[in-house]
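Only one structure is covered here, and it is reproduced in the block below.
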Amino acid sequence: MSAARPLAGFNICCTGVESELRNEILSKSRKMGATHSLDLTSCVTHMIVSSSDTPKYEYAIMKRPDVVFLNSDFVPRLYERWIAGDDIDIAKCIKDYGERRIFEGLTISLSNVVEPDRTRYIKAINENGGKYQSTLISGTKLLVINRPEGQKYKFALQRKIKFVHTMWLEACIKRGAHVNFSYFELDLDDEARRDTLEMLPRKANLQLPNDSESMESFSAQGIRSASEVRSERPISRVKRTRSDNAWNSIMDEVGPDCMSGVTDSVQSNNLAPFEVVNEDVVDLLAKTSHQLNVDVDANSEERLFENMIFFLHGFSEVKVHMSQPFILQRGGRIVHSSAEGPTHVVVPFDLNPSQLPKVPESSVLVSNWFLDQSIYYKESRLPSVCIYSAYHGHALYSEGAGDFRDKTISISGFSGMDRRQVEKFITALGAIYCDTLNEDRDLLVIPGNLNRAISTPNSASATARLSSQKIKYAKLWRVPIVPDEWLLDMTQWPRLMSNLNRSKLLKRSAEEVPNQGPRAVKKRAASVETKG
């Protein structure tokens, strides 16, 4: 590996990382020679993990033993050493402070566990980022227990402390990473837990290459290792359907396609629902697509797309193939041209208007976000009800979109699929999406229903909602607060820009007021970045 560029040959993927930190990681790792993949493709060698509760991380745990999990602060720390001119042994750096440890941040207690397993478990917890707690107190994060009985179990129930079967520890030790709790909950039978433990791959011990040529063989070796551990046995996931899990894996932290292979998930992407996580997913869908067609009644969840006929336009062949099972198993049909009588013509949300197909009068034009929204909320989310399901290419390619260039926009009050999509729309406009709010932001965007609640006098819900830190500080700093309808509907843009210009005038007037002494200085110093 190049000493001048310590991450040469690394292909990095992020999961659960906040946008601003993700931007920093991508920028600094790129300078140190890394490339990036937004999706969990076969070329990924290292994954930056902030949260172990993401579909992408879970998929890597079950299917990609070749991937090395790294802490979110690893790249910034390595970058500081690199620009300082230190000699860097990348393998040692990863071992010392880079690799994400199994029980990172967990305080764990044991109950009903006998020797010699007890001593072995305690040692594994303490040596792998966790902290063993002999007594169960309120600050304990997890109780590992063989059976649901005893004083510790009763205390955990009362204090709502998470508990899991001891096989979970065995699974984490075998995999060398944090396995999802749900596979080892106490209400599962021993056979189901044992099946999961047996199918779980062991962590691969791959050596770092010494140069770019060996990196090619290293990547090939990693792909082969991943292929060798594939299991035909389906994963039984508690409290989440297999179909939803796969769909969420496809959509997890999706971002733009990029010719250089370097992707940034806070930018926009026109193919959100059809991104490939890994070739394993394509293989799985290819093997099961015939079964989905035959057994659709038995396997249907909500039959969301009953009597709907879809024509998918503007997507690659692979992405169309990826989406088909999710449509078919919900009662929908797919045709291959607009002349075959589709009820819905589906296009990427930011498709160039010049590439739009001819839409029959009997059809509804929707974006790929219609499928996202419907599957996520388990109800049909047509544009008349959901502004995100509409096609937005006319707005994004209009002259008015240029007014948003380099504007800094924060959001508040969004969750789930709406949050994903409003972030992508902001960046598709050319604006800069910001997780945090400070006095220099240009706009704060909130959901339309929240804006209406706040605008309604004597609204009880509005009083509760105003507890949002971002909304309170936006009012204090004169940052315009606008509903998402204004942002996504170009007919509202003149009104939005009027608010923006008025805000600038008010801020300028405030800056021209003479300093009113120490209290004014103190107030301005309080203008720190506020999350919420």
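Determine whether ILE375 is at pLDDT 90 or above, touching a Leu at 6+ places or on another chain (Cβ under 8 Å) and farther than 24 Å from SER503 by Cα.
Numbers: at pLDDT 90 or above: no; touching a Leu at 6+ places or on another chain (Cβ under 8 Å): yes; farther than 24 Å from SER503 by Cα: yes.
No, not satisfied.
Based on what the data block shows, is TYR97 surrounded by 19 or more Cβ atoms within 10 Å (Cβ to Cβ) and not charged (D, E, K, R)?
Numbers: surrounded by 19 or more Cβ atoms within 10 Å (Cβ to Cβ): no; not charged (D, E, K, R): yes.
No, not satisfied.
Of the residues ILE173, ILE125, which is assigned to a helix (DSSP H, G or I), in contact (Cβ under 8 Å) with a residue 60 or more places away in the chain and within 22 Å of ARG194 (Cα to Cα)?
Numbers: ILE125 fails: in contact (Cβ under 8 Å) with a residue 60 or more places away in the chain.
None of the other options fit; the residue is ILE173.
Contact list please: Cβ distance under 7 Å, first residue in the stretch 52-67 and part of a helix (DSSP H, G or I), second residue surrounded by fewer than 24 Cβ atoms within 10 Å (Cβ to Cβ) and of a type in the set (Ser, Thr, Tyr), pairs at least six apart or on different chains.
Taking only residues 6 or more apart or on different chains, the pairs are PRO55/SER249; LYS56/SER249; TYR59/SER249.
Checking the structure you have, find out if any residue of the stretch 177-191 is outside any loop (DSSP other than H, G, I, E, B), among the aliphatic types (A, V, I, L, M) and outside the structural domain of ASP96 (by TED's automatic domain parsing).
Within the stretch 177-191, the subset outside any loop (DSSP other than H, G, I, E, B) is 181-184, 190-191.
Of the ones still in play, those that are also among the aliphatic types (A, V, I, L, M) are none.
No, that holds for no residue.
When you go through PHE326, PHE370 one by one, which is the residue that is part of a helix (DSSP H, G or I), in contact with a Cys (Cβ under 9 Å, 6 or more places away or on another chain) and crowded, with 16+ Cβ neighbours inside 10 Å?
Working: PHE326 fails: in contact with a Cys (Cβ under 9 Å, 6 or more places away or on another chain).
Going through PHE326, PHE370 in turn, the sole match is PHE370.
So is ILE25 in contact with a helix residue (DSSP H, G or I) (Cβ under 7 Å, 6 or more places away or on another chain), touching a residue at least 24 places away in the same chain (Cβ under 8 Å), outside the structural domain of VAL422 (by TED's automatic domain parsing) and under 21 Å from ASP435 (Cα atoms) or not? Step through it out loud before you land on a result.
Values: in contact with a helix residue (DSSP H, G or I) (Cβ under 7 Å, 6 or more places away or on another chain): yes; touching a residue at least 24 places away in the same chain (Cβ under 8 Å): yes; outside the structural domain of VAL422 (by TED's automatic domain parsing): yes; under 21 Å from ASP435 (Cα atoms): yes.
Against the criterion (in contact with a helix residue (DSSP H, G or I) (Cβ under 7 Å, 6 or more places away or on another chain), touching a residue at least 24 places away in the same chain (Cβ under 8 Å), outside the structural domain of VAL422 (by TED's automatic domain parsing) and under 21 Å from ASP435 (Cα atoms)), ILE25 qualifies.
Just to be sure I understand, how many residues within the stretch 68-104 are under 23 Å from SER37 (Cα atoms) and not in a helix (DSSP H, G or I)?
Summing the residues that are under 23 Å from SER37 (Cα atoms) and not in a helix (DSSP H, G or I) in the stretch 68-104 gives 9.
How about the stretch 37-66: which of its residues are more than 25 Å from GLY105 (Cα to Cα) and at pLDDT 90 or above?
Across the stretch 37-66, the qualifying residue is only VAL44.
Being surrounded by fewer than 17 Cβ atoms within 10 Å (Cβ to Cβ), closer than 23 Å to PRO116 by Cα, touching a Ser or Thr at 6+ places or on another chain (Cβ under 8 Å) and modelled with pLDDT under 90 narrows it down to one of GLY139, GLY150, so name that one.
Values: GLY139 fails: closer than 23 Å to PRO116 by Cα.
Being surrounded by fewer than 17 Cβ atoms within 10 Å (Cβ to Cβ), closer than 23 Å to PRO116 by Cα, touching a Ser or Thr at 6+ places or on another chain (Cβ under 8 Å) and modelled with pLDDT under 90 holds for just one of GLY139, GLY150, which is GLY150.
Considering each residue of the stretch 27-40, count those that are in contact with a strand residue (DSSP E or B) (Cβ under 8 Å, 6 or more places away or on another chain) and part of a loop (DSSP other than H, G, I, E, B), and give that number.
5
So if I check each of SER338, SER412, SER367, SER362, which one is among the small types (Gly, Ala, Ser) and in contact (Cβ under 8 Å) with a residue 40 or more places away in the chain? Outline the logic, then answer.
On the way: SER338 fails: in contact (Cβ under 8 Å) with a residue 40 or more places away in the chain; SER367 fails: in contact (Cβ under 8 Å) with a residue 40 or more places away in the chain; SER362 fails: in contact (Cβ under 8 Å) with a residue 40 or more places away in the chain.
When all the criteria are applied, what remains is SER412.
The values are calculated or read from the model by the stated rules, or taken from the named source; none is laboratory data. As the structure is a prediction and not an experimental result, all values here were calculated from the model. Cβ atoms come from the backbone with ideal geometry, glycine included; neighbour counts cover every protein chain shown.
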